[in-house]
1. Leaving out ligands, DNA and RNA, and with a 1.4 Å probe, what % of the accessible surface on region A:351-419 is carbon or sulfur?
2. Tell me, what is the 1.4 Å probe accessible area of residue A:95, in Å² to the nearest 10?
3. Interface size between chain B and chain A, please: total buried accessible area, 1.4 Å probe, rounded to the nearest 100 Å².
4. Which is farthest toward the positive dipole end of region B:356-415 among B:375, B:410, B:398, measuring Cα position about the Cα centre, with Cβ charges +1 (Lys, Arg) and -1 (Asp, Glu)?
5. Give the accessible surface of chain B per residue, rounded to a whole number of Å², with probe radius 1.4 Å and ligands, DNA and RNA excluded.
6. Please give the charge dipole size of region A:302-352, origin at the Cα centre, charges +1 on K and R Cβ atoms and -1 on D and E Cβ atoms. Round to the nearest 20 debye.
7. In nm, to one decimal, how far is the modelled label at residue B:68 from the one at residue B:434, with both set 7 Å along Cα→Cβ?
8. Grab the DSSP H runs of chain A that are 4 residues or longer, score each as -39,500 (n - 2.57), total them, divide by all residues and round the 222 nm result to the nearest 500 deg cm²/dmol.
2 protein chains.
Amino acid sequence: MAAAPRITELIARKRDGGALSADELRWVVERYLATTTGTTGGGTADGVAVSEAQMAAFLMAGVLRGFTEEEARALTDVFVDSGDRLDLSALEGPTVDKHSTGGVGDGTTLLVAPLLASAGAQVVKLSGRGLGHTGGTLDKLEAIPGFRVDLSPEEMRDVAARIGCVVAAQTDRLVPADRAIYALRDVTGTTPSTGLIASSVMSKKLASGAGSIVLDVKAGQGAFMATEEDAAGLAELCVRIATAAGRRCAAYVTAMDHPLGKGIGNALEVAECVRLLRAAPDGRLAALSLDLAAMGLVLARGLEHGMLPSAREELVERWASGAALERLRSMVEAQGGDPRVCDDPGAVLPAAPVRLEVPAERAGFIGALPAREVGEISGGLGAGRARKGDDVDPAVGLDLAVEVGDEVAVGDPLAIIHARTDSAAGDAAARLRTIVGYRDEAPVQRSDVLRVVG
Amino acid sequence: MAAAPRITELIARKRDGGALSADELRWVVERYLATTTGTTGGGTADGVAVSEAQMAAFLMAGVLRGFTEEEARALTDVFVDSGDRLDLSALEGPTVDKHSTGGVGDGTTLLVAPLLASAGAQVVKLSGRGLGHTGGTLDKLEAIPGFRVDLSPEEMRDVAARIGCVVAAQTDRLVPADRAIYALRDVTGTTPSTGLIASSVMSKKLASGAGSIVLDVKAGQGAFMATEEDAAGLAELCVRIATAAGRRCAAYVTAMDHPLGKGIGNALEVAECVRLLRAAPDGRLAALSLDLAAMGLVLARGLEHGMLPSAREELVERWASGAALERLRSMVEAQGGDPRVCDDPGAVLPAAPVRLEVPAERAGFIGALPAREVGEISGGLGAGRARKGDDVDPAVGLDLAVEVGDEVAVGDPLAIIHARTDSAAGDAAARLRTIVGYRDEAPVQRSDVLRVVG
């Protein structure tokens, strides 16, 4: 660029519905980082600053006016270029990454990573510590005594090379520009933008280095995107960004109106995944995990989508043979965790002192079990974090005994609450009773997979 | 309010097209002031802050989603309540204030204030030092040697009581919330909002205490509002805010496609006004000043708009009698300025060392003399300020010899450039040549008053 653009003019252009060039977006983001975190005491070399207020105004203009695909691609590039990249070129197998936009009772990573590893792919999955009612993947794994998520790049590559999968914490040096801007978006009401979400998600995936990426974009009451249309728009944009960057990528748009798994809480979700892997695949969590892993495998092998059924069949076999469980056990051990969690999770994982069964108050079919409210109950028990840096309680949460569509008689268990105190358990049970919906006829069951993109 | 609202929820509501209650807007603005200027080192007592970034995001959401009339009224109230009010109750005559949204060659205040004073009204006009290509009213008056604009409230009331008019600088203690938010809007691209402009303008007028307010809302190429519709929307909102606050108020929507007066520059505009007052009313600047003063008089006397023609006639008589000039002379003297400026402005006002006449390059009618570009030429000569705190040069600018519709022969003067250096004069002349438009037929003349509101 010849001369530094004026930030107020760039804000005004976005405000009035225009688009910024890749160079202009790079200038805005890099200048923002230099202004707010610069080593020159918050200043910039030439005195042209982009303040938090200016960035916030720009982001709000973008939320309301939208970003073009070119802008989202450019933002992704700037975010990736702002920090380190994880170099996976030393790994021999095809590398696969997986990302979910976040739901309730969604332990798919704990199943997908070992499944893919058991089929010869190599999964290096970096996670952030998100905010939310339920813990993130790192919180779930840290419920396993001894499990370490803070690995060096060398350790990550070593575990992936030996075992085929590793799940670790994203370092501060990965996509620092995205981190800074995400923190600002979080406090300025500027999160709901397809372009901003896509560039944030995809910059992390591209910087993480995998050759193939499978995405799970949630739609529904318990998801960030409420409608299937919005989720599909996000999925399509993410896939296009990845493809333009030379990666293989596909996305599922999946339903998140009620919890995916039955365990809601960190240790409870680990235990559910182990129990599933110790038996044959069963239920919605297992089904979606197989779908995601099958797509990852098809992408990793450079196959057409027509090969999804046979890839899924292969993964079902590896599941049934115990191969996937063995990969999980090896990964837990390699990351310092107690591998006996894969034999008897109840004996190894932390347990809450209070367990309270919540019985059905009427007979009928479960018609509603809204994901967000179930997540809030779990959060109220201590399983999530309201603020960055909060501790999560690994033991608490809910074990659902039913899912939508199940028939119950009066007194049948709906769930077991795992709590620190009787009072907390009582509150959770009372809340659960108010949110469960009954109906007289069996609801129509629909697949969790709403759409395949890519 | 029971509990402090969460700023992110309020931002999100505005982002999604909702409205805030008066209490909520008060909380946002007061909390913002406490956060950014609080005596507790930028913190707030209960730790609930509204940062510059959050305010900027909120303002951008408001710019794009709009503010309701109730919101604009509430913001006006909060701004007024944030600081001192000027108490004019000790003045005996009816008090009138006048405000223009700003144009090029607009010295109406220098004519309207003494005209109203000559008819028995009392005008206490507070001005800010705006940014722009041409100086503000304070800059123009300060071109008069000795003229003081920094008066105490007591001095203002004293001058107004004795003479009928006073023009002074708005103090830092008037509408501090508006000042803080205006400064933020200026750097975050969040100025173009009818609701924000109206509450900013009207809070200053309400805090200034006059019982009647006449507004001049400019529309056109050289104005902030480009279209008559937008300007009328702003005028209507301003009038409703004033009326709801118990003031008498009316507005003119007037054209600002080419400069109103012929002098463009601080001393040049003072000189033009004096020359006009020393003769009979003549030209567009005089006509609009009479219209504005007539409306002020009708409002001050509690009369219907049907009395505007006779009020205007009365003012023309006071003009012709020299009464208005005498009021200007008394005001200049009372504020420390050299009153001889009203006898021989050329002898008293500062003069630029270089004068360059710009001749017409072709014959025909002047078809275009775009206000913004004329203002920029004047600004380029040093008559305005690009940054807050910049000095303005009182002597430089342009004296136009023509206005749109005038017929010229080749070589007839278009303007005289008043400059510090030959080079600056040459640049200004070259620019002026490129912006003057000629046409072969006389353009249709239209009135500067496009609409009357209130």
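1. 48 percent
2. 20 Å²
3. Between B and A, the summed buried area is about 1500 Å².
4. Comparing the listed Cα positions along the dipole, B:375 ranks first.
5. Per residue, chain B has 38 Å² of solvent-accessible surface.
6. Using only the charged Cβ atoms, the result is roughly 80 debye.
7. Distance between label points: 4.9 nm.
8. -14000 deg cm²/dmol
The values are calculated or read from the model by the stated rules, or taken from the named source; none is laboratory data. All of these numbers come straight from a predicted model, not from anything done at the bench. Cβ: placed from backbone, ideal geometry, glycine included. Neighbour counts: every protein chain shown. Protein only, heavy atoms only, side chains kept; ligands, DNA and RNA dropped before computing areas. Shrake-Rupley method; radii C 1.70, N 1.55, O 1.52, S 1.80 Å.
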